[in-house]
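Sharing a structure here in structure tokens format.
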Amino acid sequence: MKIEAIRDLSSEELRQRLSALNEELFKLRMQHGSGQLESTAMLKKSRRDIARVNTVLRERESGQHEI
């Protein structure tokens with residue numbers, strides 16, 4: 001997910017997206033642990049998406065969000 005798309009979402013939508021991403025990461029970790037994960041790159045992508053959402057949420061909380 002691109003940062004521009006993340007910044008276009010409302011704070012509530014970001015919190016929902018963060019919850020969904022955390023759930024997705026959990027599922028990917030379970031698949032990886034059981035040897036069923038085909039592409040380990042999905043783990044990295046999921047972690048980065050979570051970091052991007054957290055960054056935008058923190059920017060908004062601290063008032064640093066640029067419009």
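The values are calculated or read from the model by the stated rules, or taken from the named source; none is laboratory data. Just so it is clear, the structure is predicted and the values come from calculations on it, not from any experiment. Neighbour counts run over all protein chains shown; Cβ positions are idealised from the backbone, glycine included. Ligands, DNA and RNA are stripped out before the accessible areas are found, and what is left, the full protein with its side chains, is counted by its heavy atoms. Shrake-Rupley method; radii C 1.70, N 1.55, O 1.52, S 1.80 Å.
Cβ-Cβ below 7 Å, separation at least six or inter-chain, first residue in segment 20-40 and closer than 24 Å to N54 by Cα, second surrounded by 13 or more Cβ atoms within 10 Å (Cβ to Cβ) and β-branched (V, I, T): which pairs?
Going by the 7 Å Cβ cut-off, the qualifying pairs are L21/I50; L21/V53; N22/I50; L25/I50.
So, one more: Across segment 1-13, what is the total count of residues that are within 9 Å of the chain's Cα centre (by Cα) and either at pLDDT 95 or above or not aliphatic (A, V, I, L, M) (or both)?
Just the residues of segment 1-13 that are within 9 Å of the chain's Cα centre (by Cα), to begin with: 1.
Retained after the next criterion (residues that are either at pLDDT 95 or above or not aliphatic (A, V, I, L, M) (or both)): none.
Result for segment 1-13: 0.
Listed here are the residues, each with its yes/no results for (1) among the basic types (K, R); (2) open to solvent by 80 Å² or more (accessible area, probe 1.4 Å).
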| position | (1), (2) |
| --- | --- |
| L9 | no, no |
| S19 | no, no |
| N22 | no, no |
| F26 | no, yes |
| R48 | yes, yes |
| N54 | no, no |
| L57 | no, no |
